[in-house]
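Remarks on the structure that follows.
The values are calculated or read from the model by the stated rules, or taken from the named source; none is laboratory data. Quick caveat: nothing in here was measured; it's all calculated off a predicted structure. Note that each Cβ is placed from the backbone with ideal geometry, even for glycine, and that neighbours are counted across all protein chains shown.
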Amino acid sequence: MTLLRRTKIIATLGPAVDKDDMLQRTLKAGVNLVRINMSHGQKEDHQRRIEATRAYAKILGYEIGILIDLQGPKIRVSRFKNGSIELKAGQKFILDANCPTDAGDLERVSMDYKDLPKDVSPGDKLLLNDGLLMLEVKAVLGVEIHCVVLLGGILSNHKGINRMGGGLTAEALTEKDKEDIVFAAKMNADYVAVSFPRSAADIQKTRELLQLAGSKAGIVAKIERLEAVADIEDIIRASEAVMVARGDLGVELGYAELPAVQKHIIARARALDRAVITATQMMESMIHQPIPTRAEVSDVANAVLDGTDAVMLSAETASGDFPDKVVEAMASVCLAAERQRAARISGHRVECQFERVDEAIAMAAMYTANHFPVKAIVALTESGSTPLWMSRIRSGIPIFGLSRNILARGRMTLYRGVYPLDFDVTRFQNGSITKNVIQYLLDSKMVATGDRLIITKGDYLGNQGGANSMKIVVV
């Protein structure tokens, strides 16, 4: 059996993968899911990249998931007459909701979120361009926010605005997001990410819109606001996955507090049987450099050791110079971290009571796998739930999720240590399932003669929630 990486890699697609055969090279380097960032680009380009990804995934012979990331209410400055200005510490500057959108200058600029003056008060600190510039609010006069610059620098078009400590009231779903949800349904996306949710209610609203559009996509809650951290338990429960989106979250929270919050979110997501993604600036230097910094290597490795399901690349693959190389580098770091003993030891749910038969089977299989020499676990699944529960247990044992359901296979592309495979159990009699599963895995070169496997399945093939048996076999 070849060495399989357990931690999944998400690559954002953009113009960088459009040249020559770069998309194919990037996917082949080890991508498990692609992210379509609806904050940039045109739908026609997004559709073309999604279709090309799926076509090449068939050639490669494995599933690549599709994650569509909604823009959300990104609060930004508008445009400057000359494209940018330089703010100096001590100077006065006005955020003016009535300023023409393209008339920004050294004195004032407009912003796309016109209710910002209602959300701020004198003494508030506003962080621009991911915290590289800082303004202090001195007065709010109607629709004008009068500030003094505390930390200066270059401010260019469409840079983000955050309030230190959070508290901005912009709705999580914009009209553009609602249109993009329809696009996600049309593209049969496996996951849709919600930007800047404040509470579980934002997740539920997204689910209603997805269902209305005919989509059963899983929802990824991007944790970017302090309000989301305060409501983290309910948000996790309302979602299929959460993303530690460290850009805006780090600005609102403060960079010194971010690592502990990241660890907490990863731990809670795993404890509540949800997938978790770690994102933002993971290998930022590789946008223009062929190798990562040592700090970036440690950052990725620590996320793996903490138990993240996936690590995500943004500009590195969307607009960088080395999309394929950065995926290769991230894959090698993940594999090295997974070889550490800490990545394979788990105390998850050791003293818990299980609520369902299939959940109990999943836990029994993982306990056995971690205490008995087996080469792989094979879960025959209709919904993907059994492999999800299995993937919450730290282990070095690969989990093959065999399903005829394309939705379940797409979901499983995100689960740590789970490898979705297309297999239709309803084509076989119950008594011949084990034989046909083994032959399928042999033909796929996933197992070899002599390997010991754990197989879980249900008595009633093709039914959701039906796993009720575990068998140990030798190929």
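Please go through the range 184-198 and pick out each residue that is surrounded by fewer than 18 Cβ atoms within 10 Å (Cβ to Cβ) and either out of contact with any strand residue (DSSP E or B) (no Cβ under 8 Å at 6 or more places or on another chain) or part of a strand (DSSP E or B) (or both). Please lay out each step first, then the result.
Within the range 184-198, the first condition is being surrounded by fewer than 18 Cβ atoms within 10 Å (Cβ to Cβ), and the residues that meet it are 186, 188.
Of everything in the range 184-198, just one residue is surrounded by fewer than 18 Cβ atoms within 10 Å (Cβ to Cβ) and either out of contact with any strand residue (DSSP E or B) (no Cβ under 8 Å at 6 or more places or on another chain) or part of a strand (DSSP E or B) (or both), namely Lys186.
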* Report yes if some residue within the range 173-184 is modelled with pLDDT of 95 or more, of a type in the set (Val, Ile, Thr) and closer than 18 Å to Ser84 by Cα; otherwise report no. => no
* To do: Would you point out which residue out of Gly131, Gly166 is touching a Lys or Arg at 6+ places or on another chain (Cβ under 8 Å) and not in a strand (DSSP E or B)?
  => Gly166
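Can you tell me which residue in the range 439-460 is surrounded by the most Cβ atoms within 10 Å (Cβ to Cβ), limited to those that are among the small types (Gly, Ala, Ser) and either closer than 17 Å to Val474 by Cβ or touching a Cys at 6+ places or on another chain (Cβ under 6 Å) (or both)?
Looking only at the range 439-460, we keep the residues that are among the small types (Gly, Ala, Ser), and these are 444, 448, 450, 458.
Then keep just the ones that are either closer than 17 Å to Val474 by Cβ or touching a Cys at 6+ places or on another chain (Cβ under 6 Å) (or both); that gives 448, 450.
Details: Ala448: 11, Gly450: 8.
The extreme case among them is Ala448.
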* Only one of Asp358, Asp299, Asp324, Asp309 that is in contact with a Phe, Trp or Tyr (Cβ under 7 Å, 6 or more places away or on another chain) and among the acidic types (Asp, Glu) -> Asp309
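Take Pro373 and decide whether it is surrounded by fewer than 19 Cβ atoms within 10 Å (Cβ to Cβ), outside the structural domain of Asp234 (by TED's automatic domain parsing) and assigned to a loop (DSSP other than H, G, I, E, B). So that I can check it myself, show each step before the final result.
Working: surrounded by fewer than 19 Cβ atoms within 10 Å (Cβ to Cβ): yes; outside the structural domain of Asp234 (by TED's automatic domain parsing): yes; assigned to a loop (DSSP other than H, G, I, E, B): yes.
So Pro373 fits the description; yes.
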* Pairs with Cβ under 8 Å, 6+ apart, first in the range 443-464 and within 18 Å of Val425 (Cα to Cα) and in a loop (DSSP other than H, G, I, E, B), second of a type in the set (Val, Ile, Thr) and at pLDDT 85 or above -> Leu461/Val425; Leu461/Thr426; Leu461/Ile433; Gly462/Val425; Gly462/Thr426
* **Hits in the range 376-385 - residues which are touching a strand residue (DSSP E or B) at 6+ places or on another chain (Cβ under 7 Å) and part of a helix (DSSP H, G or I)** => none
* Please go through the range 431-467 and pick out each residue that is modelled with pLDDT under 90 and under 12 Å from Leu380 (Cα atoms). => Gly458, Asp459, Tyr460, Leu461, Gly462, Asn463, Gln464, Gly465, Gly466, Ala467
* Structure fact -> Within the range 216-254, the count of residues that are farther than 21 Å from Asp273 by Cβ, in contact with a Pro (Cβ under 9 Å, 6 or more places away or on another chain) and in a helix (DSSP H, G or I) comes to 1
* Which condition breaks for Asn436 when tested against (1) under 27 Å from Arg344 (Cβ atoms); (2) surrounded by fewer than 23 Cβ atoms within 10 Å (Cβ to Cβ)? -> (1)
* Output the number of the condition that His158 fails; it satisfies all remaining conditions of (1) part of a loop (DSSP other than H, G, I, E, B); (2) in contact with a Gly (Cβ under 8 Å, 6 or more places away or on another chain); (3) more than 21 Å from Met243 (Cα to Cα). => (2)
* State the number of residues belonging to the range 88-113 that are closer than 16 Å to Val137 by Cα and among the charged types (D, E, K, R). => 5
* Asked: Can you tell which of Leu127, Leu95 is farther than 11 Å from Val77 by Cβ and either in contact (Cβ under 8 Å) with a residue 60 or more places away in the chain or crowded, with 19+ Cβ neighbours inside 10 Å (or both)?
  -> Leu127
